[in-house]
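Read the structure below first, then the notes.
Every number here is computed from the coordinates shown, using simple stated rules; none is lab data. Predicted, not measured: the structure shown is a model, and the values here were computed from it. Neighbour counts run over all protein chains shown; Cβ positions are idealised from the backbone, glycine included.
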Amino acid sequence: MSPISVVLPIMAPTPFLRAMAEFTIKTLRMHADDPSFELIVVEAAGDHFEHFSAQHWPSEYSAKIDQYLNFTPPIGGVREANAAIDAASREFICYTGSDVIVPQGWDAELLRVFAERKDCGIACLSAHEPGATIGPREPLDLIVEGMYSPFAMWRRGWRLDEAYQRIYQDSDLVMRLYEAGLRAFRSCRKHVHHLGQMTTSVIGPAVGHDLALAKDERLFYRRWGKSPLAMFAMIRTGRQTYGSEHEGWTNQIHLHYNKDTPE
């Protein structure tokens, strides 16, 4: 039996978004080296996937959902994700999205990162996104210290901080793992395809998105802004250069909050 529980949040009010989510689920099963992983779908603002089963495709492409959670009306993305994380029964939690398409052997590769790095707290794969590549353009037999939150896996026992509303909870998790003596690693051997903001492009930004972003951003920098860790500098500025490490803290970045942002 696979040691992985996959947590997949879904909001799919349109036929296109439902078809995309179905394809995501199909590919997770079809491209897993061990398709016996536990799939937990948490759906908000609809119940389209409540009875989702293998009948959609041939049995070898089973799209079976093992646990289904529904929040209609929604209670917030972080709280919904935590409900699925808390329901997971396997050793590892793999968090993904309905616009992330995984490669063949995605599960074995994530487990391989943990096996090769005993200090691994969270593992991810490289990614191709519209107009960008996170990691090398072509696969390399290499693991680097780095993060990629749209598709990541950590050990059960860690959950997202519900003090955040919808934006910075992933970066906060990485920082908490580092404070516990663990690290984030990204494999360069395999790439996911992340279509990027497909839900918001169809249904529009969620109500209050800008305010939630500002609040989450302020909370993150209040909590971690004085951290001396290189991972914080990478999260803040996206780069760090030997001899100029301080620039990760001093370079100006665009912030979404100000003194008028409500608590």
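Cross-link partners for K226 among the aspartates and glutamates, with Cα-Cα distance under 15 Å and sequence neighbours closer than 8 places in the same chain left out: D172, E179, E217, E245, E247.
Net charge dipole, the chain: roughly 480 debye, given to the nearest 20, about the Cα centre with Cβ charges of +1 for Lys and Arg and -1 for Asp and Glu.
The lysines within cross-link reach of K259, meaning a Cα-to-Cα straight distance under 17 Å and a gap of 8 or more places when in the same chain, are K215. Counting DSSP beta bridges with both partners in the chain, what percentage is antiparallel, nearest 5? So the antiparallel bridges amount to about 40 percent of the total. Largest GNM mean-square fluctuation across G121, G248, G146, computed for the chain with C-alpha springs under 10 Å, falls on G248.
Within the straight-line cut-off of under 21 Å between alpha carbons, the lysines reachable from K26 are K64, K190, sequence neighbours fewer than 8 places apart in one chain being disregarded.
On the principal axes of its alpha-carbon atoms, the stretch 1-126 has extents of 41, 34, 25 Å, going from largest to smallest.
Each of V102, P74, L125 was placed along the dipole of the stretch 71-139 (beta-carbon charges, centred on the mean Cα), and the one lying farthest toward the positive end is L125. If only the Cβ of Lys and Arg carry +1 and only the Cβ of Asp and Glu carry -1, the dipole of the stretch 61-137 around its Cα centre is close to 80 debye.
Centre-to-centre, using Cα atoms only, the stretch 129-151 and the stretch 77-111 are separated by 18 Å.
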